[in-house]
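Okay, structure first, notes after.
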Amino acid sequence: MRTIHLIIFACLCCGTVALGQKGELTTALTPARGHYKSLSVISKSPKSPGEEIDKQKFPYDSAIASRRLSLKPIYLEGVTIRDFRFPDPPANSSAQTRAEINYLLALQSQRTTLDVQSSLYMANVYYNPRVKPTDSTYTRFRSNLFFIGRSIGSWFNPMDLPVTADVMAKVWQDASFFMWSFKYKFLRIRPYVIEPALKNLENTDWAAYPSGHAFNSYVNAYIYQELAPEFTDVFVKDAYDMAHSREIIGVHYPSDSESSRILARQFVNKLFENEKFRKDFEQVRKEWLLKAKETFLLPSVTK
């Protein structure tokens, strides 16, 4: 009885833990903050029926789409995009889209050399699920799996945590499938297509909604926080910075970032409802119990 009372008390205090239908503990999404919260209350509806700009979609290439969606989920095999409670993007002519673009223009007017350098650096932080150990990019991509949370310890890397790296690579394959599925469903045009004054610092050849960089970063944050809850603030801040970097360089609307956060929370909850993932995650947890700590030994190779 005391245990039940403690669980209820924790739920009331933080509002983040709930029991799933199958009895698993699932985590609720924390409320939106800052500009994401302010923008969310502005109308997403078209300015008026039949607006020409609302007919604009990102060009669909069936061959490219088929290839990107050919890597099927490893864990969430029976899940479809209909199983996610995912919002539609604001209409191109909506007051919210206009406000979002105005915000991006404000960022553009304020971005510093450091903002640009760091954001462009983060643009290259992603994982390719098709990479093979024999590829020249293999080491870099494996290291990218540990970009979120990179400051928590020298042990936080794919060499010291190979089991973690293997499982996170599988997770990214699942995440990529659903991310591309939603991008091809909505085919949202980029903000710089609507607003010529917005000078994007990266060229993209895929749709905007949701943001892949933001989605994958929040997925990593939510999984890693289950392993090291004392660093939750670090993981989430790293993911937030990744999402915001996409806005700084003018390639994503804030609603692309926020929708990715929403999707990531639901996606990770579904992973923890999956028996195959939970078994793999237990192996990751055992690895962390053994290796997630500093040895403070002199490295064999120093720069």
Cross-chain or 6+ apart pairs with Cβ under 8 Å, the range 63-87 first and modelled with pLDDT of 95 or more, then of a type outside the set (Val, Ile, Thr) and open to solvent by 70 Å² or more (accessible area, probe 1.4 Å): Leu71/Arg130; Ile74/Lys170; Ile74/Lys276; Tyr75/Lys170; Tyr75/Lys276; Ile81/Lys185
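Somewhere in the range 245-257, is a residue over 21 Å from Leu145 (Cβ atoms), open to solvent by 30 Å² or more (accessible area, probe 1.4 Å) and assigned to a helix (DSSP H, G or I)?
First, the residues of the range 245-257 that are over 21 Å from Leu145 (Cβ atoms): 247-256.
Filter once more, so that each one left must be open to solvent by 30 Å² or more (accessible area, probe 1.4 Å): none.
Within the range 245-257, none of the residues are over 21 Å from Leu145 (Cβ atoms), open to solvent by 30 Å² or more (accessible area, probe 1.4 Å) and assigned to a helix (DSSP H, G or I).
Considering Trp206, Trp180, which residue is touching a Leu at 6+ places or on another chain (Cβ under 6 Å) and closer than 19 Å to Arg246 by Cα?
Numbers: Trp206 fails: touching a Leu at 6+ places or on another chain (Cβ under 6 Å).
Matching residue, one of Trp206, Trp180: Trp180.
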Test: residue in the range 134-156 that is in contact (Cβ under 8 Å) with a residue 12 or more places away in the chain, in contact with a Leu (Cβ under 9 Å, 6 or more places away or on another chain) and charged (D, E, K, R): no
The one condition in (1) modelled with pLDDT under 95; (2) open to solvent by less than 20 Å² (accessible area, probe 1.4 Å) that Thr302 fails to fulfil: (2)
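Hey, does the range 177-187 have a residue that's outside any helix (DSSP H, G or I), in contact (Cβ under 8 Å) with a residue 12 or more places away in the chain and surrounded by fewer than 16 Cβ atoms within 10 Å (Cβ to Cβ)? Reasoning before the result, please.
If we filter the range 177-187 for residues that are outside any helix (DSSP H, G or I), which is where we start, we get 187.
Going one step further and asking which of them are in contact (Cβ under 8 Å) with a residue 12 or more places away in the chain, we end up with 187.
Narrowing further to those that are surrounded by fewer than 16 Cβ atoms within 10 Å (Cβ to Cβ): none.
Among the residues of the range 177-187, not one is outside any helix (DSSP H, G or I), in contact (Cβ under 8 Å) with a residue 12 or more places away in the chain and surrounded by fewer than 16 Cβ atoms within 10 Å (Cβ to Cβ), which makes the answer no.
In the range 201-216, what residues are part of a loop (DSSP other than H, G, I, E, B), polar (S, T, N, Q) and surrounded by 17 or more Cβ atoms within 10 Å (Cβ to Cβ)? Spell out the reasoning first.
Our first condition is that a residue be part of a loop (DSSP other than H, G, I, E, B); within the range 201-216, this holds for 201-211.
Among the residues that remain, those that are also polar (S, T, N, Q) are: 203-204, 211.
Of everything in the range 201-216, just one residue is part of a loop (DSSP other than H, G, I, E, B), polar (S, T, N, Q) and surrounded by 17 or more Cβ atoms within 10 Å (Cβ to Cβ), namely Ser211.
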Failed item in (1) within 19 Å of the chain's Cα centre (by Cα); (2) crowded, with 19+ Cβ neighbours inside 10 Å, with Pro90 passing the rest: (1)
Looking only at the range 258-271, and only at residues there that are hydrophobic (A, V, I, L, M, F, W, C) and closer than 11 Å to Arg85 by Cα, the one that is most open to solvent (accessible area, probe 1.4 Å): Ile262
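So is Val171 more than 22 Å from Ile249 (Cα to Cα) and either within 14 Å of the chain's Cα centre (by Cα) or not small (Gly, Ala, Ser) (or both) or not? Spell out how you get there, then give the answer.
Working: more than 22 Å from Ile249 (Cα to Cα): yes; either within 14 Å of the chain's Cα centre (by Cα) or not small (Gly, Ala, Ser) (or both): yes.
Criteria met by Val171.
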Test: residue in the range 118-127 that is among the hydroxyl-bearing types (Ser, Thr, Tyr), assigned to a loop (DSSP other than H, G, I, E, B) and within 24 Å of Glu282 (Cβ to Cβ): yes
The range 117-164, residues that are of a type in the set (Gly, Ala, Ser) and either surrounded by fewer than 20 Cβ atoms within 10 Å (Cβ to Cβ) or in contact with a Cys (Cβ under 6 Å, 6 or more places away or on another chain) (or both): Ser118, Ala123, Ser136, Ser143, Ser151, Gly153, Ser154
Some residue of the range 233-244 being at pLDDT 95 or above, under 13 Å from the mean Cα position of the chain (by Cα) and either among the small types (Gly, Ala, Ser) or assigned to a loop (DSSP other than H, G, I, E, B) (or both): yes
Failed condition for Val41, given (1) more than 24 Å from Gln266 (Cα to Cα); (2) open to solvent by 50 Å² or more (accessible area, probe 1.4 Å); (3) not charged (D, E, K, R): (1)
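The values are calculated or read from the model by the stated rules, or taken from the named source; none is laboratory data. The structure displayed is predicted, hence computed values, not measured ones. Here the Cβ is made from the backbone with ideal geometry for all residues, glycine too, and neighbour counts use every protein chain on show. SASA here: full protein model, heavy atoms, side chains in, ligands and nucleic acids out. Shrake-Rupley method; radii C 1.70, N 1.55, O 1.52, S 1.80 Å.
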